[in-house]
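Quick notes on the structure that follows.
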Amino acid sequence: MIHKTFPRGGGEIPHRKEGSERKAIQAVPAPSIVVIPLHQHIGAPCVPVVQAGDKVKIGQRIGEAKQFVCAPVHASVSGEVIAVEERPLLTGKKVLSVVIRNDGQDELVKMEAGDPAKMSPQAIRQVVKDAGIVGMGGAGFPTHIKVTPPKPVEVIIINGAECEPYLTCDHRLLLEQAEEMVGGLLAIMKATGATQGVIGIEVNKPDAIERVEEVIKEHKELSVAALKVKYPQGAEKQLIKAILGTEVPSGGLPCDACCCVFNVHTAIAVYDALTSGKPSYERVVTVSGGSVVDPRNLLVRIGTPIQTLLDFCGGLLGQPAALVGGGPMTGPPVVDLLGPVVKNLSGVLALSHEEAAFDENRPCIRCARCVDACPMGLTPNLLGEYSDKGLYDKADKLNVNDCIECALCSYVCPSKRALVTWIIKGKAGLAAQRAKEKVS
Ligand code: SF4
Ligand code: SF4
């Protein structure tokens, strides 16, 4: 059987999912203190609507979205607000956050719940907005904007590829909450006017494919796309190309290819918000890596410190070589273990020295492996060099902004050149240069 994939570049990388893929999702008890950042999404930060001394309940809005590209933030425990102040994220970056002391009462406020089949598209979009749902696969883009596409869309794709090594939270959700995922997909189709839904799953998750096929068998408008295991199969443009055969133009959006892509967990959050009135205040996180005693998939309240997750998994086997927030290819290093779980955090990895093979940058040997691997058809060797040297116009001419930051170029480079790090720096440098040019 031929499995769908994108044609250009990409590569095989180790899955390393065996540590947690067969472990059912377990709920972590809420911690005594949660630190909830008011900026957990792409766009503008929220404005706090509580202050120290206020009593809050689970699901209560604590951060208001005052701008369009923004998503409200809700309390994940009941208790007392003890501070509204800057606190570090797991990356060390400080963000205005609401700190709540948990009173252990688990008092809850819910939004109004309903039957999505009886709701108007506008009503669905409003609930998604009020619930503060953002892309939970890692992107963190506010979902209410995605369910309001600027152009008509025909197909909604659910991204169940989970192509990063170690991560298994979407796999477990597909097995354990397939009905909810399908309910969310149908609601998103209604909100966007799409007539077809496709769930893309890599074939290294045969049990998830079987489970979802069983759940959708009465739905003629839904199908499963079995995808070849190839990195970065879960990247939006590569997923669209694999499933629909269409290309999102450079600088374009998925709606330019008549579709929209949503992560598995996001679809479930949409369903929960609509049918249970539940805002986005918890999520499933994979904790894995060779330095974790007992890797697991954990249901965690937003605002829980990373350290609590590691402790729940039995702690660490010595000093890890690397701690990563998300997948090992695209996730940032964890520099603060008190940094909190946020809405778009899919994993926490503690990698052993064997797993995190660090090596020094060596000179380019012009082997072109990075060029062959790049799924966007770019020249990472040159982009890296120009970006590192601050030659942003040259990088721009080679379409540096088309880079999806998948890191495959760095991974395949025999000289271990930090290509993606330089390219990310180059994109930021180019944006700053363009902004400066606009002003002058
Ligand atoms: S990080 Fe960018 S340049 Fe490197 S392979 Fe991925 S898309 Fe290509
Ligand atoms: S893979 Fe590394 S060594 Fe080979 S061309 Fe690219 S940057 Fe140079």
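Derivation of every value follows stated rules applied to the coordinates shown; laboratory data play no part. This is a predicted model, so every value here is computed, not measured. Here the Cβ positions follow ideal geometry from the backbone for every residue, glycine too, while neighbour counts run over all protein chains shown.
Some observations on this one:
- Candidates Arg125, Arg296, Arg366: whichever shows maximal mean-square fluctuation once the chain is modelled as a Gaussian network with Cα springs under 10 Å: Arg366
- Comparing Gly19, Gly200, Gly315 in a Gaussian network model of the chain (Cα springs below 10 Å), the most mobile by mean-square fluctuation is Gly315.
- Shape call, region 1-59: gyration tensor on alpha carbons, a/c limit 1.5: oblate
- Between region 289-345 and region 27-75, the Cα center-to-center distance that results, in Å: 21
- Candidates Gly252, Gly137, Gly59, ranked by Gaussian network fluctuation over the chain, Cα under 10 Å, top entry: Gly252
- Loop-exposed GluC sites (Glu not before Pro) per DSSP, neighbour cap 10 Cβ within 10 angstrom, longest uninterrupted part of the chain: 219-353
- Convex hull volume per residue for region 164-233, taking Cα atoms only, in Å³: 91
- Gyration tensor (alpha-carbon) shape descriptor, region 340-440, a/c threshold 1.5: oblate
- Debye log10 I(q)/I(0) at q = 0.10, 0.18, 0.19, 0.21 Å⁻¹ for region 116-276, Cα point scatterers: -0.31, -1.08, -1.22, -1.51
- Annotation: amide H-H contacts under 5 Å for Gly290 (H modelled 1.01 Å from N, sequence separation of 5 or more, or interchain): Ser352.
- Simple point charges give the picture: +1 on the Cβ of Lys and Arg, -1 on the Cβ of Asp and Glu, and for the chain a dipole about the Cα centre of about 1060 debye.
- Between region 352-376 and region 119-155, the alpha-carbon center distance in angstrom: 37
- Direction-averaged projected area, Cα convex hull, the chain: 21.2 nm², rounded to one decimal.
- In the chain, the DSSP-assigned H stretches of four residues or longer account for a calculated mean residue ellipticity at 222 nm of -8000 deg cm²/dmol, using -39500 (n - 2.57) per stretch and the full residue count as denominator.
- Cα gyration tensor category, rounded, prolate or oblate, for region 230-309 with a/c compared to 1.5: oblate
- Legend: translational diffusion of region 114-178 by Stokes-Einstein, Rh = Kirkwood radius over C-alpha pairs, 10 °C, 1.306 mPa s; D = 115 µm²/s.
- The order of Val56, Val99, Val285, going from fewest to most other C-beta atoms within 10 Å of their C-beta, is Val99, Val56, Val285.
- The charge dipole of region 116-276, taken about the Cα centre with unit charges on the Cβ atoms of Lys, Arg (+1) and Asp, Glu (-1), comes to about 440 debye, rounded to the nearest 20.
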